[in-house]
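All of the numbers you see were taken from the coordinates with simple rules; none came from a lab. None of these values were measured; they are calculated from a predicted model. In this analysis, Cβ positions are derived from the backbone assuming ideal geometry, glycine residues included, and neighbour counts consider all displayed protein chains.
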Amino acid sequence: MRILLYNPDNGVTRNFMPHLWMFLLKALTPPGHEVLLIDGNAQPMDERKIAEYVREQNIGLVGIGAMTRMIAKAYRIADAIRASGVPVVMGGPHVTELADEALGRDGGPRHADAVALGEADETWPQIVNDAVSGQLKEKYAPIDDMGKERKPSLKRYPVIPWDSIDLDQFNLVPKSAAALLRKVGEGWATFRIVPVESGRGCPYGCEFCTVTGFFGDSIRFRTNESVVNELLLLKARARKERGQMAVFFIDDNFAINVKRTKSLLRDIIAAKARVHWVAQISANLLRDEELVDLIAASGGKWIFIGMESIDPANLKDVNKGFNKPHEYAAVLERLAQRNVYAITSFIFGMDNDTSGVAERTLAQVRTWPPGLPIFGLLTPLPATPLYKRLETSGRLTRPKHWREFIPFAMAHTPLRMTIEQAHSEVKYGWEQAYSPEALAQAVDSLSDQPLGYRINIFLARLCFRGIYFPMMGKMAWLKAVAQNRQTIFKLVREALFGRRILPANPAAQDAYGAVAAPDVPGEVGV
Ligand code: B12
Ligand code: SF4
């Protein structure tokens, strides 16, 4: 049977990284089937086009995965495919929480023939077999012999054949430039950011987050060996095609077990499996100097930190009191001393937020080492404790906000400001943090560093700008380039004519004797 796995586009950003679930399920598909992958962010298709594709390719089963914000699109695509007589199975966090919605049991239309609840590593082969025999069940849940929910172990993680898989749709180097860039340094014919998981689960239970409910508070890890082998496979592929590969460790909290993370990072260094990587780690775990040394030594470049707020009252409200705003600066300095920078994520519209929260936050951000601040709104995702609290207190203004997704729009009223005020705070945050002046300032703040670091922060900021100010077309990119022309000229002039390059920060020479690899243009992490 031919199977199509499809992930809808998010409608905001272009594809920068494939979705892991597709590659994982492909690797877990029983032998004898052909699995095709389409990521809507890389290959945008509308309902008509995808239904046509499914017919032309003689597909017998379609699997669709989506987050809440893409679910409306996912349902439309599913409807079009089902209308042409091909069964659809849906999975992922949204339909796990609202299976009845996908199955049309909540009074609305039906969108899926079957739903895979929770982690599908163990149920997927069964789903495929049932589809082949025309006996798809409505729901598939990972349960043990006693009928109790079972979280799959990651100890026998499948080998994702990164060395042979077709990754053409995920090359971030434009085709027109590939031939030339092949000859630059070790080769830049391709540049890909690949998702790798080393573990699942986070016990912290922040009120707005689905992770603790979905993956459970039991944390599971792959073996170090299996992660190291995956990195070696990725490196080999990059070398073979004269390209570059960076890794996004998509674990929710990569250092949730600090001892294990250190041992993994040591093994990566020892096996020469070092690649440039990005990971999500909560600020409280970055107090550990040895961990931060190992992050730098093993290729860590960007750490995503869910700071959420600089107000301890807000953090307490959302059960994230373990974040200590007075520590943020020290955490970021500790990273920056080793040339590791942070993607700092903030949420506005929390219950203790008042007008001016964006400027108050930015005032602090400006005193920190340069990074990539991102701003969002508190969003009640289905089945989170936050959703339940707001529902109970009658504060949801759009209880089914996902049915008509609007980017950067609140679905409930904050306590101390209006919805409109919260929206303008987010807008202000993005405008100020990504203005040409702010980009120039970020570049200048690294004036004692080699040029590569400054180009890196500049390109990263330019790309991140696209999260709020979509840069889908050539014109939008040209406009962003024109606005930042002064900084670009400055960097180009320096690249062509040079200037005195100061040695890299001695702290980059880590305790393990490795010098943090100089960043190179284009390596923008996320
Ligand atoms: C990586 C990641 C991203 C990447 C996404 C890009 C990418 N290419 O991966 C980035 C960093 C861009 C991102 C952004 C956002 N993310 Co995100 N992200 C993740 C993260 C950390 C890992 C996803 C992953 O690969 N997991 C590992 C795989 C194996 O798990 P999985 O995807 O759940 O798949 C398993 C099952 O769900 C199931 N399954 C999934 N799909 C399908 C389909 C079929 C057919 C079947 C049978 C089974 C199945 O089988 C898989 C194997 O068990 C998750 C948290 C998490 N740990 O999952 C959050 C998560 C998915 N993100 C989330 C959110 C909210 C966001 C943002 C909206 C945040 C924001 N406020 O901006 C943005 C939206 C981005 C956008 N523009 O669309 C939420 C989604 C909750 C929800 N109900 O939708 C999650 C769960 C985190 C959370 N805090 O709750 N994210
Ligand atoms: S620390 Fe991060 S992953 Fe863990 S529960 Fe909180 S927001 Fe979710």
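Determine the dipole magnitude for region 166-231: charges of +1 sit on the beta-carbon of Lys and Arg, -1 on that of Asp and Glu, nothing else is charged, the reference point is the Cα centre, and the result goes in debye to the nearest 20.
Values: 7 positive and 8 negative charges, 58 e Å.
Value, rounded to 20: 280 debye.
Apply the Kirkwood formula to region 422-475: the hydrodynamic radius equals the inverse of the mean of 1/r over all pairs of different alpha-carbon atoms; give it in Å with one decimal. Please list the in-between numbers first.
Numbers: mean 1/r = 0.0827 Å⁻¹.
With all distinct Cα pairs of region 422-475 included, I get 12.1 Å.
According to the Cα gyration tensor, what semi-axes, each the square root of 5 times an eigenvalue, does the equivalent ellipsoid of the chain have, listed from largest to smallest in whole Å? Each step should come with its number before you reach the end.
Details: eigenvalues 257, 162, 113 Å².
Largest first, the chain gives 36, 28, 24 Å.
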For this session: Could you size up the charge dipole of region 396-505 around its Cα centre, putting +1 on the beta carbon of Lys and Arg and -1 on that of Asp and Glu, and report it in debye to the nearest 20?
Result: 280 debye
Problem set entry | Share of Cα-Cα pairs in region 1-159 lying beyond 22 Å, as whole percent | 38 percent
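Place the peptides 234-240, 423-429 in order of packing, highest mean first, counting for every residue the other Cβ atoms within 10 Å and averaging per peptide.
Working: 234-240: 16.7, 423-429: 19.3.
Output ranking for 234-240, 423-429: 423-429, 234-240.
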Exercise. log₁₀ I(q)/I(0) of region 301-410 at q = 0.17 Å⁻¹, via Debye over equal Cα point scatterers, no solvent, to two decimals?
Worked result: -0.87
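How many percent of DSSP beta bridges within the chain run antiparallel, rounded to 5? Working shown, then result.
Values: 5 of 50 bridges.
So the antiparallel bridges amount to about 10 percent of the total.
By how many nm would the segment from Ser445 to Glu494 lengthen if fully extended, with 0.36 nm per residue of separation less the alpha-carbon distance?
Details: separation 49, 0.36 × 49 = 17.64 nm, distance 1.57 nm.
Contour length minus Cα-Cα distance gives 16.1 nm.
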For this session: For each cysteine in the chain, check whether another cysteine's C-beta sits under 4.7 Å from its C-beta; list those where none does.
Result: Cys202, Cys463
For this session: Please give the FRET efficiency for Ala363 paired with Arg55, using the beta carbon to beta carbon distance and R0 = 60 Å, rounded to the nearest 0.05.
Result: 0.60
Seminar exercise, completed: Residue span Gln126 to Ser218: 0.36 nm per residue of separation minus Cα-Cα distance leaves a gain in nm of 30.7 nm
Exercise. Among the listed pairs Lys151/Lys400; Lys262/Lys320; Lys235/Lys301; Lys262/Lys301; Lys73/Lys427, which are separated by more than 19 Å between their Cα atoms?
Worked result: Lys151/Lys400; Lys262/Lys320; Lys73/Lys427
Exercise. Cα-based Rg (one decimal) and Dmax (whole number) for region 161-223, in Å?
Worked result: 18.5, 49
Seminar exercise, completed: Note: region 252-357, point scatterers on Cα, Debye, no solvent; log10 I/I(0) at q = 0.09, 0.19 Å⁻¹ equals -0.25, -0.91
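Could you state the orientation-averaged shadow area of the convex hull built on the Cα atoms of region 245-304, in nm² to one decimal?
Working: hull surface 14.4 nm².
With the hull built on Cα positions only, its mean projection is 3.6 nm².
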Exercise. What order do you get for 39-45, 416-422 when each peptide is scored by the mean count of other beta carbon atoms within 10 Å, highest first?
Worked result: 39-45, 416-422
Exercise. Relative to the longest principal Cα axis of the chain, at what angle does helix 47-56 sit, 0 to 90 degrees, rounded to 10?
Worked result: 70 degrees
Exercise. Tell me, what is the percent relative contact order of the chain, built from C-alpha pairs under 8 Å that lie six or more residues apart?
Worked result: 11 percent
Problem set entry | Cα-based Rg of region 108-219 normalised by 2.2 N^0.38 Å, two decimals | 1.52
